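The values are calculated or read from the model by the stated rules, or taken from the named source; none is laboratory data. As the structure is a computational prediction, the values presented were derived from the model and not from experiment. We place every Cβ from the backbone using ideal geometry, glycine too, and count neighbours over all the protein chains shown.
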Amino acid sequence: EIVLTQSPTTMAASPGEKVTLTCRASSSVSYMHWYQQRSGTSPKLWIYETSKLASGVPNRFSGSGSGTSYSLTINSMETEDAATYYCQQGSSYPTFGGGTKLELK
Amino acid sequence: EVKLVESGGGLVQPGRSLKLSCAASGFSFNDYWMGWVRQAPGKGLEWIGEINQDSSTINYTPSLKDKFTISRDNAQNTLYLQMSKLGSEDTAIYYCARALVLRYYFDYWGQGVMVTVSS
């Protein structure tokens with residue numbers, strides 16, 4: 001099983017602030033995918049194949065990484081970005097990271 | 001519009017069984033792999049398993065393969081999850097999701113259905 005470790009577990013950001021969430025894999029993976037989950041709703045595909053934005057995702061979001069280290073970056077935090085973000089790999093059977101809860105400061 | 005609607009959840013006693021359904025619409029159901037993911041209260045996401053288009057390949061996360069069975073009915077555009085020997089650790093929201101297996105991710109998710117295992 002490939003274990004994904006996300007950091008930080010929780011963070012708060014002010015509007016306009018740059019935010020970077022990280023995801024580390026216990027073994028090298030080919031791609032990383034990210035989901036956004038707002039409170040009380042189902043997860044939504046947010047970034048796929050490491051760096052491609054899902055439909056409707058604002059371009060202030062970006063994804064990058066390779067091997068065992070991946071990140072999701074928000075160029076300028078907005079109110080609507082407050083949510084929990086999960087990374088997911090599919091190189092082995094699918095596993096998810098524990099999530100990063102991003103709050104508005 | 002792609003739509004996935006789960007049903008069949010509720011309160012179930014420990015040791016009993018429960019079958020969830022996921023009705024799909026808005027896409028050609030028999031062209032896609034489908035999967036189930038669950039989320040315990042206040043916790044993260046856990047992949048349960050997947051099924052391919054013609055049910056010839058079904059995979060499970062190792063810890064659940066003896067308890068859960070995934071199936072599908074392409075004529076009814078419906079995915080199923082049969083759960084047996086339920087315990088309190090199975091209390092969770094259960095999501096069905098459409099899987100794109102080339103790079104393996106889930107592009108559409110249902111709204112989820114709550115399963116509570118308690119006496």
Restricting to segment A:31-49, and then to whatever is surrounded by fewer than 20 Cβ atoms within 10 Å (Cβ to Cβ) and more than 9 Å from chain B (Cβ to nearest Cβ), can you tell me which residue is farthest from A:T20 (Cα to Cα)? A:G40
Determine if segment B:62-82 includes at least one residue that is free of Cβ contacts under 8 Å to residues at least 40 places away in the same chain, under 26 Å from A:S7 (Cα atoms) and more than 10 Å from chain A (Cβ to nearest Cβ). no
Only listed residue being at the interface with another protein chain (Cβ under 10 Å from one of its Cβ atoms) and in contact with a strand residue (DSSP E or B) (Cβ under 7 Å, 6 or more places away or on another chain), chosen from B:G112, B:G87, B:G8, B:G26: B:G112
For residues in segment B:77-92 being surrounded by fewer than 21 Cβ atoms within 10 Å (Cβ to Cβ) and within 10 Å of the chain's Cα centre (by Cα), which is farthest from B:N30 (Cα to Cα)? B:Q82
With respect to B:D66, determine if the residue is surrounded by fewer than 15 Cβ atoms within 10 Å (Cβ to Cβ) and not β-branched (V, I, T). yes
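For every residue, the table says whether it meets (1) surrounded by 21 or more Cβ atoms within 10 Å (Cβ to Cβ); (2) within 14 Å of another protein chain (Cβ to nearest Cβ); (3) at pLDDT below 95.
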site	(1), (2), (3)
A:T68	no, no, no
A:Y86	yes, yes, no
A:Y93	no, yes, yes
A:G99	yes, yes, no
A:E103	no, no, no
Is it true that A:S62 is over 18 Å from B:W47 (Cβ atoms), surrounded by fewer than 18 Cβ atoms within 10 Å (Cβ to Cβ) and either among the β-branched types (V, I, T) or under 12 Å from the mean Cα position of the chain (by Cα) (or both)? yes
What's the number of the condition B:A97 fails, among (1) at the interface with chain A (Cβ under 10 Å from one of its Cβ atoms); (2) surrounded by fewer than 17 Cβ atoms within 10 Å (Cβ to Cβ); (3) over 12 Å from B:G9 (Cβ atoms)? (2)
Here the residues within segment B:23-60 that are under 22 Å from B:V2 (Cβ atoms) and acidic (D, E) are B:D31, B:E50, B:D54
